[in-house]
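Engineer: Mind having a look at this structure? Questions to follow.
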Ligand code: FES
């Protein structure tokens, strides 16, 4: 049985940025309760315009594919509830990334920045390998674990990248998500590439020194991570 109900024929005026000749399209979407921004987009696709372009996959805030800007804020469409008093909504693609179609952006610059920091753990030469090797563990109650955990749960949604004025203006800036990932590995004692990574994130104009600490990235993160804190910590580590 559906737990959803229509709310007395109420509608929301939804303006969606389009990538074709029309600057934007406006749709009257019938209100249901509860309703997320992704529900709005699916309603438009089913009832008004099957050609509208947007991305989603998991619908539970895990895959990071549905990120759009809603009234200027970068959010996960599937996790953003429409409040009862909403009468109008503006939906735009993420900022700072090339648009493929309508709300779909090309994430290549985001993932290229991610790749540039060697985003995986590089084990020490004497690390145990093979089928019988025991995984190296960071104890749950250690200071190291407490350092790493607040930065760990990035889903690569690009909300921070889209909310960073520097990343949008300067394609060569590594950006908040990749710098946050770099800190996770730099702080991990099992990793052997931390020094090289500290060098990689300090490049002139591309690394941590480019950050102006506006904190838009931290405000936007749907997982509550704090990339600006990560950037501050990396800068401190680089200064020794
Ligand atoms: S659809 Fe996966 S995070 Fe929204």
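Engineer: Can you tell me which residue in the stretch 197-240 is surrounded by the fewest Cβ atoms within 10 Å (Cβ to Cβ), limited to those that are in a loop (DSSP other than H, G, I, E, B) and out of contact with any helix residue (DSSP H, G or I) (no Cβ under 8 Å at 6 or more places or on another chain)? Please lay out each step first, then the result.
Structural biologist: Taking the stretch 197-240 first, the residues in a loop (DSSP other than H, G, I, E, B) are 201-207, 211-215, 221-226, 240.
Checking the rest, the ones that are also out of contact with any helix residue (DSSP H, G or I) (no Cβ under 8 Å at 6 or more places or on another chain) come to 203-206, 223-224, 240.
On the way: 203: 15, 204: 8, 205: 10, 206: 18, 223: 16, 224: 8, 240: 4.
Among those that are in a loop (DSSP other than H, G, I, E, B) and out of contact with any helix residue (DSSP H, G or I) (no Cβ under 8 Å at 6 or more places or on another chain), it is 240.
Engineer: With (1) away from the ligand (no atom under 16 Å from the Cβ); (2) surrounded by fewer than 14 Cβ atoms within 10 Å (Cβ to Cβ); (3) in a loop (DSSP other than H, G, I, E, B) as the list, and residue 28 as the residue in question, which single condition is left unmet?
Structural biologist: (3)
Engineer: Going by the conditions given, is residue 69 in a strand (DSSP E or B) and closer than 25 Å to residue 161 by Cβ? Spell out how you get there, then give the answer.
Structural biologist: Values: in a strand (DSSP E or B): yes; closer than 25 Å to residue 161 by Cβ: yes.
The answer is yes for residue 69.
Engineer: Can you tell me which condition residue 155 does not meet? The list is (1) modelled with pLDDT of 90 or more; (2) under 28 Å from residue 57 (Cα atoms); (3) touching a helix residue (DSSP H, G or I) at 6+ places or on another chain (Cβ under 9 Å), and all the others hold.
Structural biologist: All conditions are met except number (3).
Engineer: Related question: Inspect the stretch 31-50 for any residue being under 22 Å from residue 177 (Cβ atoms), within 14 Å of the ligand (Cβ to nearest atom) and part of a loop (DSSP other than H, G, I, E, B) and give the result as yes or no.
Structural biologist: Going through the stretch 31-50, the residues under 22 Å from residue 177 (Cβ atoms) turn out to be 37-38.
After this cut, where a residue has to be within 14 Å of the ligand (Cβ to nearest atom) as well, the list is 37-38.
Within this subset, residues satisfying the condition of being part of a loop (DSSP other than H, G, I, E, B) are none.
No; the residues of the stretch 31-50 include none that is under 22 Å from residue 177 (Cβ atoms), within 14 Å of the ligand (Cβ to nearest atom) and part of a loop (DSSP other than H, G, I, E, B).
Engineer: A follow-up question, please. Give 145, 197, 190, 181 a once-over and let me know the one that is free of Cβ contacts under 8 Å to residues at least 24 places away in the same chain and either assigned by TED's automatic domain parsing to the domain that holds residue 234 or under 25 Å from residue 78 (Cα atoms) (or both). Break it down into steps so the answer makes sense when it comes.
Structural biologist: On the way: 197 fails: free of Cβ contacts under 8 Å to residues at least 24 places away in the same chain; 190 fails: free of Cβ contacts under 8 Å to residues at least 24 places away in the same chain; 181 fails: free of Cβ contacts under 8 Å to residues at least 24 places away in the same chain.
Of 145, 197, 190, 181, the one residue that is free of Cβ contacts under 8 Å to residues at least 24 places away in the same chain and either assigned by TED's automatic domain parsing to the domain that holds residue 234 or under 25 Å from residue 78 (Cα atoms) (or both) is 145.
Engineer: For the stretch 74-84, indicate whether the set of residues that are touching a strand residue (DSSP E or B) at 6+ places or on another chain (Cβ under 9 Å), farther than 23 Å from residue 215 by Cα, more than 16 Å from the ligand (Cβ to nearest atom) and not in a helix (DSSP H, G or I) is non-empty. I'd like the intermediate steps shown before the answer.
Structural biologist: Taking the stretch 74-84 and keeping what is touching a strand residue (DSSP E or B) at 6+ places or on another chain (Cβ under 9 Å), we get 74-82, 84.
Of the ones still in play, those that are also farther than 23 Å from residue 215 by Cα are 78, 81-82, 84.
Now narrow it down to the ones that are more than 16 Å from the ligand (Cβ to nearest atom): 84.
Now narrow it down to the ones that are not in a helix (DSSP H, G or I): 84.
Yes, the stretch 74-84 contains a residue that is touching a strand residue (DSSP E or B) at 6+ places or on another chain (Cβ under 9 Å), farther than 23 Å from residue 215 by Cα, more than 16 Å from the ligand (Cβ to nearest atom) and not in a helix (DSSP H, G or I).
Okay, residues lined up against (1) more than 16 Å from the ligand (Cβ to nearest atom); (2) part of a helix (DSSP H, G or I); (3) surrounded by fewer than 20 Cβ atoms within 10 Å (Cβ to Cβ):
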position: 90; (1), (2), (3): yes, no, yes
position: 111; (1), (2), (3): yes, yes, yes
position: 120; (1), (2), (3): yes, no, yes
position: 127; (1), (2), (3): yes, no, yes
position: 136; (1), (2), (3): yes, no, yes
position: 141; (1), (2), (3): yes, no, yes
position: 179; (1), (2), (3): yes, yes, no
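The values are calculated or read from the model by the stated rules, or taken from the named source; none is laboratory data. From a predicted model like this one, the values you see are computed outputs, not experimental measurements. We place every Cβ from the backbone using ideal geometry, glycine too, and count neighbours over all the protein chains shown.
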